[in-house]
Amino acid sequence: MLSKKTKYGIKALTFIARQENGVKVQIATISQAENISHKFLESILLTLRKSGVLGAKKGKGGGYYLLKEPRDIKMTDVIRTLEGPIAMVPCVSLNFYEKCDDCPDEEACSVHKLMIQVRDSTLQVLRNTTLSDLV
């Protein structure tokens, strides 16, 4: 299930991407427009800034802005930044692999086989969707 953090992060990025090129957006503006808690949004935007998706300028005329073109921001990157692994179980994760404690043989595991299909389908959609597709 998608966390509220990720859901709100995508909404905030979409809001910022809809602004005229170079316009900086204040947290309060996004918070009000998207009905997101100001404090929670602040934490989300900080995470996206640290990951290199957003830039920020303090002071008068300041706010958040995209560091990349919307067409260059893939949803896989956003999801991994805010959510962590895309895979539903760690034994099929491409970037965060861990062996399941309760599974003696991944190759024979029916859950493993199903989750590989789910992961691959999900990745197909997220890799082929950019922020510009959502705007």
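Some values worked out for this structure:
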{"read-out": "Extension gain, residue 43 back to residue 103 (0.36 nm per residue minus Cα-Cα distance, nm)", "value": "18.0 nm"}
{"read-out": "Ordering of 113-122, 44-53 by packing [mean C-beta count within 10 Å, highest first]", "value": "44-53, 113-122"}
{"read-out": "Residues residue 67 and residue 1, FRET efficiency given R0 of 22 Å [Cβ-Cβ distance, rounded to 0.05]", "value": "0.15"}
{"read-out": "Value of [θ]222 nm, deg cm²/dmol, for the chain, DSSP H segments ≥ 4, -39500 (n - 2.57) each, nearest 500", "value": "-14500 deg cm²/dmol"}
{"read-out": "Ranked by how many other beta carbons lie within 10 Å on average, peptides 13-19, 82-88 from highest", "value": "13-19, 82-88"}
{"read-out": "Cα centroid separation - the stretch 87-135 against the stretch 6-21, whole Å", "value": "26 Å"}
{"read-out": "Heavy atoms of residue 77 accessible to a 1.4 Å probe, total area in Å² rounded to 10", "value": "70 Å²"}
{"read-out": "Nearest-20 debye value, the chain charge dipole, Cβ charges on Lys, Arg, Asp, Glu", "value": "960 debye"}
{"read-out": "Average silhouette area of the stretch 79-135, convex hull of alpha-carbon atoms, in square nanometres", "value": "4.3 nm²"}
{"read-out": "Nearest 10 degrees, 0 to 90: helix 110-127 Cα axis against the chain principal axis", "value": "30 degrees"}
{"read-out": "Dipole of the stretch 50-133, positive direction: furthest Cα of 89, 79, 115, with charges on the beta-carbon", "value": "79"}
{"read-out": "Percent carbon-and-sulfur accessible area, the chain, ignoring ligands, DNA and RNA, probe 1.4 Å", "value": "50 percent"}
{"read-out": "Long pairs among 50/113; 24/74; 50/99; 50/74, criterion Cα-Cα beyond 25 Å", "value": "50/113; 50/99"}
{"read-out": "Principal-axis tilt of helix 38-50 within the chain, Cα atoms, nearest 10 degrees", "value": "70 degrees"}
{"read-out": "Computed over the chain: relative contact order in percent, which uses C-alpha pairs under 8 Å that are six or more apart", "value": "26 percent"}
{"read-out": "Accessible area (Å², per residue) of the chain, counting only protein heavy atoms and a probe of 1.4 Å", "value": "62 Å²"}
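The values are calculated or read from the model by the stated rules, or taken from the named source; none is laboratory data. Owing to the predicted nature of the structure, the values given are computational and were not obtained by experimental measurement. Neighbour counts run over all protein chains shown; Cβ positions are idealised from the backbone, glycine included. Protein only, heavy atoms only, side chains kept; ligands, DNA and RNA dropped before computing areas. Shrake-Rupley method; radii C 1.70, N 1.55, O 1.52, S 1.80 Å.
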